[in-house]
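This report refers to the structure that appears directly beneath it.
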C-alpha cells in the first residue's frame, strides 16, 4: 500500500488502469459522483467524485473526496493494514458488485487507514460472510490539503468469470468531527440510506 500526505491545492487524477497500463479496446470505464443522503448537520462543502474501470477481470476504482477536510475524521495510515470488521463506523469508502441477473453480490470496505474487508451476500442482506478468496486489497491513499484520494486495483478471477456482466454500486460513509455521519452513494432510491439496494447499483461494466 502507498500513502502520501502532501500540502497541495491541486486536485487532479486519472483512471488508475489507463495511467498504469494504457487504454485497451475492451476497457469499460465510467466516471461517477456520489450524492449525500439528505439530513441535517451535513458538511455542505464536501464533494465526491471518481472513476471505475474494468479490463477483462481486472477492476480499478479511484475516489476523490474534496472540500474542508478539517471537518472530517480521517483514519491515520497504519504500517500493517489488515482485514477488519465494522470499518463503516468510521470514514470508509465502499463499493458493491453483483453479477447481472443474479441475487449474489459482494461488498468491499476500504479505509483511508489501509484496512479493508470483502463480504459476500447470497441475496439482499442475506447470507453475509467474509470472502476469503480475496486475501488482500492493496490500497493507494493520498491526502492533500483539500483532497483525499483512494485507489484500488484488483483481479476478480477468484470470484467471477471474465465474461460476466457486472452491476456496481459505489458509496462512502463520512464521519464528521462533530460526530455526525453522512452517507454518500450514486443515488438514494429509498427513504433511508441503504447501500445494499440493488436499484442503487447504477453502473454496468
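All conditions but one from (1) in contact with a helix residue (DSSP H, G or I) (Cβ under 7 Å, 6 or more places away or on another chain); (2) farther than 14 Å from residue 72 by Cα; (3) not in a loop (DSSP other than H, G, I, E, B) apply to residue 187; the one that does not is (3).
Do we have any residue at all in the stretch 109-119 that's modelled with pLDDT of 95 or more, under 19 Å from residue 205 (Cβ atoms), out of contact with any strand residue (DSSP E or B) (no Cβ under 6 Å at 6 or more places or on another chain) and not in a strand (DSSP E or B)? No, the stretch 109-119 contains no residue that is modelled with pLDDT of 95 or more, under 19 Å from residue 205 (Cβ atoms), out of contact with any strand residue (DSSP E or B) (no Cβ under 6 Å at 6 or more places or on another chain) and not in a strand (DSSP E or B). Of all the residues in the stretch 90-138, those that are over 15 Å from residue 156 (Cβ atoms), out of contact with any helix residue (DSSP H, G or I) (no Cβ under 8 Å at 6 or more places or on another chain) and in contact (Cβ under 8 Å) with a residue 40 or more places away in the chain number 8.
Each row is one residue, and each column tells you yes or no for (1) modelled with pLDDT under 95; (2) touching a helix residue (DSSP H, G or I) at 6+ places or on another chain (Cβ under 9 Å); (3) more than 13 Å from residue 95 (Cα to Cα); (4) surrounded by fewer than 20 Cβ atoms within 10 Å (Cβ to Cβ).
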{"residue": "169", "(1), (2), (3), (4)": "no, yes, no, no"}
{"residue": "172", "(1), (2), (3), (4)": "no, no, no, no"}
{"residue": "182", "(1), (2), (3), (4)": "yes, no, yes, no"}
{"residue": "191", "(1), (2), (3), (4)": "yes, no, yes, yes"}
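So for the stretch 92-102 (the condition being under 24 Å from residue 164 (Cβ atoms), at pLDDT below 95 and assigned to a loop (DSSP other than H, G, I, E, B)), does at least one residue qualify? The answer is yes; a qualifying residue exists. Taken together, 50, 41 contain a single residue that is at pLDDT 60 or above, under 20 Å from residue 188 (Cα atoms) and not in a strand (DSSP E or B), which is 41. Restricting 85, 57 to those that are at pLDDT 95 or above and surrounded by fewer than 21 Cβ atoms within 10 Å (Cβ to Cβ) reduces the list to 85. Of the residues making up the stretch 1-27, just one is crowded, with 17+ Cβ neighbours inside 10 Å and at pLDDT 55 or above, namely 27. Could you check, for the stretch 140-153, whether at least one of its residues is without any contact (Cβ under 8 Å) to a residue 60 or more places away in the chain and closer than 24 Å to residue 35 by Cα? Among the residues of the stretch 140-153, not one is without any contact (Cβ under 8 Å) to a residue 60 or more places away in the chain and closer than 24 Å to residue 35 by Cα, which makes the answer no. Taken as a whole, the stretch 129-150 holds at least one residue that is part of a strand (DSSP E or B), at pLDDT 95 or above and surrounded by fewer than 16 Cβ atoms within 10 Å (Cβ to Cβ).
The values are calculated or read from the model by the stated rules, or taken from the named source; none is laboratory data. Computed from a predicted structure; not experimentally measured. Positions of Cβ are backbone-derived with ideal geometry, glycine not excepted, and every protein chain shown enters the neighbour counts.
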